[in-house]
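Before any comments, here is the structure.
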Amino acid sequence: MEVLETNRLRKEFGTVIAVNDVDITVQQGQVLGLIGPNGAGKTTLMRMLATVLRPTSGSIHLLGYDSASEYLKIRKQIGYLPDFFNLYSDLTLRECLEFFALAYDVKPELIPGRIDEALAFIELEEKRNDFVRHLSRGMVQRMGLGVLLVHDPDVFLLDEPASGLDPKARIQLRRVLKKLAGEGKTIVISSHILTELSGLCSHIAIMNKGKIVLNGAVDDIQQQVFETKRVSVSIVGNTDAAVSEISRFPGAKNPAVSGNRITVEMEADVATLADFNSYLVSKNIRVCGLQEQKADLEDLFMELSGKDQPAIPEEQQ
Amino acid sequence: MRPRQFWIYTSIYLAVLLMIFLINYSGYKNEVMYKTLTGLHKSLFFQFLVLQILVMWVWASFNSSSAVREEVTDKTYDFFRMLPIPARSKMVGILVGKNLVALLLAALNFILLIGFGLAGKLSANLLAQVVLLLISVALLANSVALLSSVNPKGKKSKSGIVGFILLAFFLGPAIINGVIEFAEAKDIELVKAKFFTLELPVLILISLVVLYFWCWSIKGILRKFTREDEPMFTRTGAYLFMLGYQFVLFGLFYYYLLHPKSGAFTINLAFWLTSLYAIVSIPLGSKRSFNRYLEFSGLYLSSSGSKLRLPRLFLYSNLSLGLGLFAIWAIVAMTTTSLAGLDFVEHLDVIAVFLSFYLFLLLLLEVHVVASPYASKLGVLLIFIVGVYAVFPLIVAGIFDIDEVAWHSPFGYVFYLFDQSQRQLQTTVRIAVVNLLLSAVPAAIILRRYVDVIKARRKM
């Protein structure tokens, strides 16, 4: 089922085209990663999807509602986490969640349970009676997710949720996001930190200069971008000799050495890998590891941006 | 609000009460200030009236004026505006939430105010009128303050309590003075004012006029809370407000226009100048941004399929609204001139000069709309130009002692009008021509930007 669809969505700020005729669709349960450098137009796109910003032209249909006329209905069913936000610092976590639950019309008898669930989900149960102002930045970021969870939205729009967090807080947030994705929620998440999205997204949309330059399932895009797969061989002994032998294996291309590991491009189906292993052994190369190397989002983005190096416009709000 | 905060404010209030009671009681006991108990009670009524004004008009308005701005600076505004509750709930919630203490103290103060008023043998009629005035002005002051606060790009506000103390410091003496005048006026509750042919107690009439504007401010807040990036008035709303404003003002001036004690010309001019306020302020409250022009031109092309031309964009622009408002003003102005028994043909030159002043200011506003996306600090320059336009001729006239130069300032022209002996058609023409020449530059900038919008859209 289609949850989100944009049609030639465009946002201009005076002379700058921040989002340029964007068409995207998101199915229920998909986790769409919106990737792009700073100033690519991700935040502007997210704000339009969240009905906070009105498009210059084009349309958005979210959960079957038209964002231009039925934005209140949309707001009730989505959870939008802005890129820079704070929560009411004079409230305790419990009070804060209660406030948002009431504002989102959650039935009063359900509220205590929802608060408990949300706090458990974001791993802040022990802080329930602390004031929001006493939370660290990472905790506030997770609490932001808690605020969304308390009214159980159908779609989550998360704009750079990990920006400004230290590594530990980032790992904690990632764990929470993975749980969310595991629950089958539809999520659109933007980031310019690609490792943040690796392993989380089922689909990605790469954005640059206000346009979606590539959009689809992660596996399909990887296949599309990396025509040949990469195989990583870890060896014991002289890597130079090994490289020259590897180069002679039929179909092997561009071997690259990093420490005791050699990466080589080739067809990487199971039979070829078995043949390659036998070949290395026959050449007296002492193999201690052999595996197909999956390209991550960072490789993917670098590969794509290498093809079309962008000049990034300054994004305006 | 936390109980601790509540008790802090309540303690301050109780301390002020104690101080008032102690000072007044000692003044009564020693017969220094009051000879009778009724005199003491009457005086306490007026003292609590001052306190009530400070709480309801000054303090509460100050809180309301920072309400949304604080949400913006605290970065909670996105969550606030995403709340799927009706705009009226947001408005009531934020007004009550920000002013909870002020409201509680005002409620307590009302009891004391009315109690001392009755004990001071003030008439129930006066008390009712005072309460109505207090509430109506508080409603308007708070809603206008909240409206001014609805600015998603709001800058960090100053500390609330410091601002309140400063405001109270500067407004306090004026309020106290006003209340003293009020206290000394006899039977003010019986003083009547006219609205067209109706006769109403003056305090009630003031309250009703205030409530009329309060309704519009509420409408503006609801609109701002529904669609944050839209102007306060729709196009229709702007015209309706203009008509309503002219009607109210006309009603207040009607009797005096028919029976001009201080000269028909002066009272008519007083009406003109008072009613001009609307055509200056409404375009600011209903200003369409350049982004709205882009949206409009895109939608127009995609829906109508026809070519977007300059007249269509002009009709959509802020200029057409401004000129439409001026047309309404001119019609009403000519009506009042006839009503005052003056020949309106003789006043057409004044209307033409007002139009030339207004046109220049309107064009500057439109330059800001169409050119600020290219120059972020343009607003500062334009404000400076307006300042120079209004003040510079007065300074030059003062230095070189040439009165005629001063008339090129809008303020100078008003002084010129009041001195009828100097009125000449030649002067009028000269002022209008200079204004039109000055208007040529902003008009050229605007025209170029309109053409750019149309060209850009045709390429899409």
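The numbers here are math on the coordinates, done by the rules we state, and not lab data. Keep in mind it's a predicted model, so treat the numbers as computed, not measured. Every residue, glycine as well, gets a Cβ built from its backbone with ideal geometry; the counts of neighbours run over all protein chains shown.
Here are the numbers:
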| quantity | calculated |
| --- | --- |
| Of B:LEU139, B:LEU118, B:MET33, farthest towards positive along the dipole that unit charges on Lys, Arg, Asp, Glu beta carbons give chain B | B:LEU139 |
| Where only alpha carbons of segment A:47-203 are counted, the Rg and the Dmax (Å) | 15.4, 47 |
| Chymotrypsin sites (Phe, Trp or Tyr not before Pro) within segment B:353-393, DSSP loop, no more than 13 other Cβ atoms inside 10 Å | B:TYR374 |
| Global form of segment A:54-112, assessed from the alpha-carbon gyration tensor, a/c cut-off 1.5 | oblate |
| D_trans [Stokes-Einstein, Kirkwood Rh over alpha-carbon pairs] for chain B, 25 °C, 0.890 mPa s, µm² s⁻¹ | 95 µm²/s |
| q = 0.14, 0.15, 0.21 Å⁻¹, segment A:6-118: log10 I(q)/I(0) [Debye, one scatterer per Cα] | -0.72, -0.80, -1.19 |
| Global form of segment B:326-460, assessed from the alpha-carbon gyration tensor, a/c cut-off 1.5 | oblate |
| Fewest-first ranking of B:ILE282, B:ILE431, using other Cβ atoms within 10 Å as the exposure measure | B:ILE282, B:ILE431 |
| Sparsely packed trypsin sites (Lys or Arg not before Pro) within segment B:61-125, loop by DSSP, other Cβ within 10 Å at most 12 | B:LYS121 |
| Cα convex hull of segment B:395-460 - mean projected area over all directions, nm² | 6.1 nm² |
| Listed residues A:ALA101, A:VAL176, A:THR6: farthest to the positive end of the dipole of chain A (Cβ charges) | A:VAL176 |
| Cα-derived Rg to Rh of segment B:250-339, Kirkwood definition | 1.21 |
| Net charge, A:PRO82 excluded, C-beta distance under 11 Å - Lys, Arg +1, Asp, Glu -1 | -1 |
| Rg over Rh [alpha-carbon atoms, Kirkwood Rh] for segment A:182-252 | 1.16 |
| Fluctuation leader among A:ILE212, A:ILE285, A:ILE171 - chain A, Gaussian network, Cα springs under 10 angstrom | A:ILE285 |
| Computed E for A:VAL287/B:ASP74 - FRET, C-beta separation, R0 51 angstrom, nearest 0.05 | 0.30 |
| Helix-derived mean residue ellipticity, 222 nm - over chain B, DSSP H n ≥ 4, -39500 (n - 2.57), to 500 | -26000 deg cm²/dmol |
| Dipole magnitude (debye, nearest 20) for the protein assembly as shown, charges at Cβ of Lys, Arg, Asp, Glu | 860 debye |
| Computed [θ] at 222 nm, helices only, for chain A once each DSSP H run of length n ≥ 4 contributes -39500 (n - 2.57) | -10500 deg cm²/dmol |
| Cα long-axis angle, helix B:425-459 against chain B (0 to 90 degrees, to the nearest 10) | 80 degrees |
| Peptide B:83-92, shielding by other chains (average Cβ, 10 Å cutoff) | 3 |
| Relative contact order of segment B:253-460, defined on C-alpha pairs under 8 angstrom at six or more residues apart (%) | 25 percent |
| Expected-Rg normalisation [2.2 N^0.38 Å, Cα atoms] applied to segment A:227-293 | 0.96 |
| Sparse-neighbourhood loop sites, chymotrypsin sites (Phe, Trp or Tyr not before Pro) in segment A:70-118 - DSSP loop, at most 14 other Cβ within 10 angstrom | A:PHE84 |
| Reachable lysines from B:LYS35, criterion Cα separation under 23 angstrom, eight or more residues apart if same chain | B:LYS121, B:LYS186 |
| B:MET33 paired with A:SER232, simple spin-label distance in nm, labels 7 Å along Cα-to-beta-carbon | 8.5 nm |
| Span from the segment B:360-393 Cα centroid across to the segment A:1-30 one, whole angstrom | 36 Å |
| Built amide H within the under 5 Å cut-off of A:THR186, gap 5+ | A:GLY29, A:PHE156 |
| Hz values of 3J(HN,Hα) by residue in segment B:384-391 - Karplus curve (6.51, -1.76, 1.60), Gly and Pro given as x | 4, 4, 4, x, 4, 4, 7, 9 |
| Highest-fluctuation residue, A:VAL26, A:VAL264, A:VAL132 considered, GNM on chain A with Cα pairs under 10 Å | A:VAL264 |
| Under Karplus coefficients 6.51, -1.76 and 1.60, residue-wise ³J(HN,Hα) of segment B:93-104 in Hz, glycine/proline x | x, 6, 5, 5, x, 6, 10, 4, 5, 4, 5, 5 |
| GNM top mover of A:ALA101, A:ALA242, A:ALA169 - chain A, alpha-carbon springs below 10 Å | A:ALA242 |
| Overall form of the protein assembly as shown per C-alpha gyration tensor (a/c, 1.5; a/b vs b/c) | oblate |
| Kirkwood Rh in Å, taken over all unlike Cα pairs in chain A | 21.9 Å |
